[in-house]
Amino acid sequence: MCRFVESIKLKDGVFYRLKLHQERVNKAFAAHYPAEEPISIFENLNQLIVPQDGIYKCRMVYDEDVQLLEFVPYERREINSLKLVETNMESYAYKLEDRTGFNAAFALRGFCDDVLLVKNGLLTDTSYCNIALYDGENWFTPGIPLLYGVNRADLLSQEKLIEKDIAVSELKNYQKIALFNAMIEFGEMVLDIDKVF
């Protein structure tokens with residue numbers, strides 16, 4: 001049976017987007033353990049002594065039960081270039097622990113720092129981040145990412161992003177690409193579009 005993971009941002013003792021992480025856990029349970037009561041992230045975290053200074057990734061690995069809950073000091077990897085790579089990976093409403101497909105795609109990055117994955121001619125994600133593209137007026141995020149990230153969901157709910165299918169052939173219509181995930185806030189990592197190869 002597959003296992004799932006949530007990577008929760010903890011900054012100076014404060015957890016980010018817990019409600020959205022819980023919703024994603026609920027989706028994993030609905031799909032794989034419909035007879036079981038979903039794990040409560042809140043209850044599990046309330047039992048822990050939590051670091052109060054700095055930025056940590058709180059990593060929770062689970063199936064029907066929590067298998068691992070750890071705090072790892074977070075250091076952001078610098079990404080200054082992206083290579084377009086085709087994929088046939090499935091999209092999921094929850095996050096799988098198994099990253100075989102993402103790792104195989106990442107291995108094809110060549111001289112670039114990361115990959116920008118393309119499925120059926122449409123942009124999806126990088127190996128670790130959701131994306132948004134800026135056309136000079138608005139930020140657009142792919143309508144069908146490989147992973148429906150919590151930060152992406154939060155940004156959409158705040159109407160900071162617009163969902164849209166973005167074809168590879170349309171890249172030239174955009175000026176910038178932003179990379180973000182549960183640990184990286186929107187706007188912290190932005191590349192000019194000419195850094196996509």
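The values are calculated or read from the model by the stated rules, or taken from the named source; none is laboratory data. Keep in mind that what you see is a predicted model, and the values were worked out from it rather than measured. Every residue, glycine as well, gets a Cβ built from its backbone with ideal geometry; the counts of neighbours run over all protein chains shown.
General observations
- Residue identified as among the charged types (D, E, K, R), in contact (Cβ under 8 Å) with a residue 24 or more places away in the chain and under 20 Å from S127 (Cα atoms) among E6, E36: E6
- For region 131-176, the candidate set comprises residues that are part of a strand (DSSP E or B) and of a type outside the set (A, V, I, L, M, F, W, C); within that set, the residue that is surrounded by the most Cβ atoms within 10 Å (Cβ to Cβ) is T141.
- Per the conditions (1) free of Cβ contacts under 8 Å to residues at least 60 places away in the same chain; (2) in contact with a helix residue (DSSP H, G or I) (Cβ under 9 Å, 6 or more places away or on another chain); (3) surrounded by 14 or more Cβ atoms within 10 Å (Cβ to Cβ); (4) farther than 24 Å from D98 by Cβ, the sole criterion not satisfied by K11 is (2).
- Answer residue from region 1-40, given it is part of a strand (DSSP E or B), among the charged types (D, E, K, R) and within 14 Å of the chain's Cα centre (by Cα) and is nearest to C58 (Cα to Cα) among those: K9
- Long-range neighbours under 6 Å by Cβ, at least six apart or interchain, first residue more than 13 Å from T126 (Cβ to Cβ) within region 100-111, second basic (K, R): G110/K83
- Some residue of region 115-124 being of a type in the set (D, E, K, R), out of contact with any helix residue (DSSP H, G or I) (no Cβ under 6 Å at 6 or more places or on another chain) and in a loop (DSSP other than H, G, I, E, B): no
- In the condition set (1) over 30 Å from M1 (Cβ atoms); (2) surrounded by 14 or more Cβ atoms within 10 Å (Cβ to Cβ), G121 is compliant with all but (2).
- The sole residue among L108, L96, L68 that is farther than 17 Å from I177 by Cβ and crowded, with 16+ Cβ neighbours inside 10 Å is L96.
- Cβ-Cβ under 9 Å pairs, at least 6 apart or on other chains, region 65-84 side within 24 Å of I49 (Cα to Cα), far side at pLDDT 95 or above and aromatic (F, W, Y): L68/Y62; L69/Y62; F71/Y56; V72/Y56; P73/Y56; Y74/Y56
- Unmet requirement for Y128, which otherwise passes all of (1) touching an Asp or Glu at 6+ places or on another chain (Cβ under 7 Å); (2) surrounded by 17 or more Cβ atoms within 10 Å (Cβ to Cβ); (3) not small (G, A, S): (1)
- Residues satisfying the criterion are present in region 91-98 (criterion: touching a His at 6+ places or on another chain (Cβ under 9 Å), outside the structural domain of N46 (by TED's automatic domain parsing) and farther than 20 Å from F197 by Cβ).
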